[in-house]
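The values are calculated or read from the model by the stated rules, or taken from the named source; none is laboratory data. Since the model is a prediction, treat every value here as computed from it, not as a measurement. Every residue, glycine as well, gets a Cβ built from its backbone with ideal geometry; the counts of neighbours run over all protein chains shown. Only protein heavy atoms, including side chains, enter the accessible area calculation; ligands, DNA and RNA are left aside. Shrake-Rupley method; radii C 1.70, N 1.55, O 1.52, S 1.80 Å.
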Amino acid sequence: MLVHFVTDEPTKIPAARAMLEPRYHVVPQLLGGGDTQNSSSGVLMVDADLRKEVRVEQIKLVLLELSCIPEKLFVVQNHLHHMVAQALALGATAVVSRPREIVLKLEQIEVAQKAAQTELAVTSPEITDSAAAFASMFSAIRSGKPINLSDAENATSQIISSIAQNRLSTWLDDVRRYHEGTFQHCLLVTGVAVGFAMDIGFASPDVKRLGIAATLHDIGKAHIPISILDKPGALDPSEEEIMRRHPVIGYELLKDIPGISPELLDGVRHHHEYLDGSGYPDGLTAPEISDLVRLLTIADIFAALIESRPYRPTISRQNAYKILCGMDGKLERSLVKAFRNVALVA
Ligand SMILES: [Fe+2]
Ligand SMILES: [Fe+2]
């Protein structure tokens, strides 16, 4: 099993190797010291001073790059209370203190991963592949490289085939179990949008058009600071102002790509617009909001509501649908009605 060992202290790397090798393959990474090696397997082990804000920011970046790894083990010496709290806020799946605990925990993870491997390989290769495509798109953008549209198309096709073969519910449950943050949101929105399009009888090219728009709808978040994206709690007004830039950033990132479709750009720029003109960034009103955007907005809000976040309880699909129904005037009533089956049953 791979152990991605992330630390802020160079001397901890040989110590970790001495403790874990040869049973595990240790891939060390010094915080602030270069690129993260992409991977979606093994376990992430973080041993750094979580009292330092700069370290926390660096860890968030690494976590984003390695968001496909579900197990995140944080080493907190003497179980210092506020460091444990910070580790959990960062998405730790386990917090350990002493070497013996580390070894024991890794053994447990290894056994559980082996047991899950067979089942996962059968039920959700699409999740692994599409999450990897999201990771690759986001990291390319962050390092100033152009977006590869075929990544988005591949991710969308994987999601469509998964939802066509299994139920939408299976997709939603699996994504919420294995992924976090922005990737989880994008995987959920695309799943919900695709499920919605299929449920109301769209032809397959139209399912794909909506699916790609959903896949890319929040791509502008690649340029929003992680501290805002993953803030555990409500954003303050200045953070909210920055967050609200993501539709325009996404539009700017995509608009010059040869062959990009105008409706895809429309979806990326306008998925936060409301029929009554109260949305952003352009304050559009009903006649200016396309059908694709209306569908995408419903999928986006529903997916955001049912997301699994470490710092708040998950909202049930029933309650999320009730909230959508309460947004009369902002969302198209007939579409919200048509969405009922997707929200509650599919
Ligand atoms: Fe958005
Ligand atoms: Fe979104």
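Some observations on this one:
- Matching residues, region 205-217, being in a helix (DSSP H, G or I) and either within 15 Å of ligand 1 (Cβ to nearest atom) or open to solvent by less than 40 Å² (accessible area, probe 1.4 Å) (or both): 207, 210, 211, 212, 213, 214, 215, 216
- Screening residue 330 with (1) loosely packed, with under 13 Cβ neighbours inside 10 Å; (2) of a type in the set (D, E, K, R); (3) in contact with a Gly (Cβ under 9 Å, 6 or more places away or on another chain) gives one miss only, at (1).
- Residue among 212, 219, 224, 257 that is touching a residue at least 40 places away in the same chain (Cβ under 8 Å) and either within 12 Å of ligand 2 (Cβ to nearest atom) or of a type in the set (Gly, Ala, Ser) (or both): 219
- Check on residue 173, more than 16 Å from ligand 2 (Cβ to nearest atom) and under 21 Å from residue 320 (Cα atoms): yes
- Residues being within 14 Å of ligand 2 (Cβ to nearest atom), touching a helix residue (DSSP H, G or I) at 6+ places or on another chain (Cβ under 7 Å) and either at pLDDT below 95 or under 26 Å from residue 344 (Cβ atoms) (or both) are represented in region 193-206 by at least one member.
- Qualifying residue in region 304-318 (condition: within 15 Å of ligand 1 (Cβ to nearest atom) and touching a residue at least 24 places away in the same chain (Cβ under 8 Å)): yes
- Meets criteria (surrounded by 15 or more Cβ atoms within 10 Å (Cβ to Cβ) and free of Cβ contacts under 8 Å to residues at least 12 places away in the same chain) for residue 239: yes
- Residue match in region 227-247 (condition: away from ligand 1 (no atom under 13 Å from the Cβ), touching a Gly at 6+ places or on another chain (Cβ under 8 Å) and modelled with pLDDT under 95): yes
- Which numbered condition residue 220 fails, given (1) within 16 Å of ligand 1 (Cβ to nearest atom); (2) in a helix (DSSP H, G or I); (3) out of contact with any Pro (no Cβ under 9 Å at 6 or more places or on another chain): (3)
- Matching entry among 301, 323 (being within 23 Å of residue 246 (Cβ to Cβ), β-branched (Val, Ile, Thr) and more than 15 Å from ligand 1 (Cβ to nearest atom)): 323
- All told, residue 31 meets the bar of being at pLDDT 85 or above and within 20 Å of residue 67 (Cβ to Cβ).
- Checklist (1) buried (at least 20 other Cβ atoms within 10 Å of the Cβ); (2) not β-branched (Val, Ile, Thr); (3) not in a helix (DSSP H, G or I) applied to residue 276, failing item: (1)
- The single condition from (1) free of Cβ contacts under 8 Å to residues at least 40 places away in the same chain; (2) at negative phi that residue 277 fails is (2).
- Considering 119, 126, the condition of being crowded, with 20+ Cβ neighbours inside 10 Å and modelled with pLDDT under 85 is satisfied by 126 alone.
- Condition broken by residue 234, with the remaining ones in (1) touching a Ser or Thr at 6+ places or on another chain (Cβ under 9 Å); (2) away from ligand 2 (no atom under 15 Å from the Cβ) satisfied: (1)
- Test for residue 257: is it at pLDDT below 95, open to solvent by less than 40 Å² (accessible area, probe 1.4 Å), in a loop (DSSP other than H, G, I, E, B) and more than 13 Å from residue 214 (Cα to Cα): yes
- Among (1) modelled with pLDDT of 95 or more; (2) open to solvent by 30 Å² or more (accessible area, probe 1.4 Å); (3) touching a helix residue (DSSP H, G or I) at 6+ places or on another chain (Cβ under 7 Å) - the single one residue 267 does not satisfy: (2)
- Of all the residues in region 138-156, those that are in contact with a Lys or Arg (Cβ under 9 Å, 6 or more places away or on another chain) and buried (at least 17 other Cβ atoms within 10 Å of the Cβ) number 3.
- Note on region 249-292: residues that are closer than 17 Å to residue 219 by Cα and within 12 Å of ligand 1 (Cβ to nearest atom) amount to 12.
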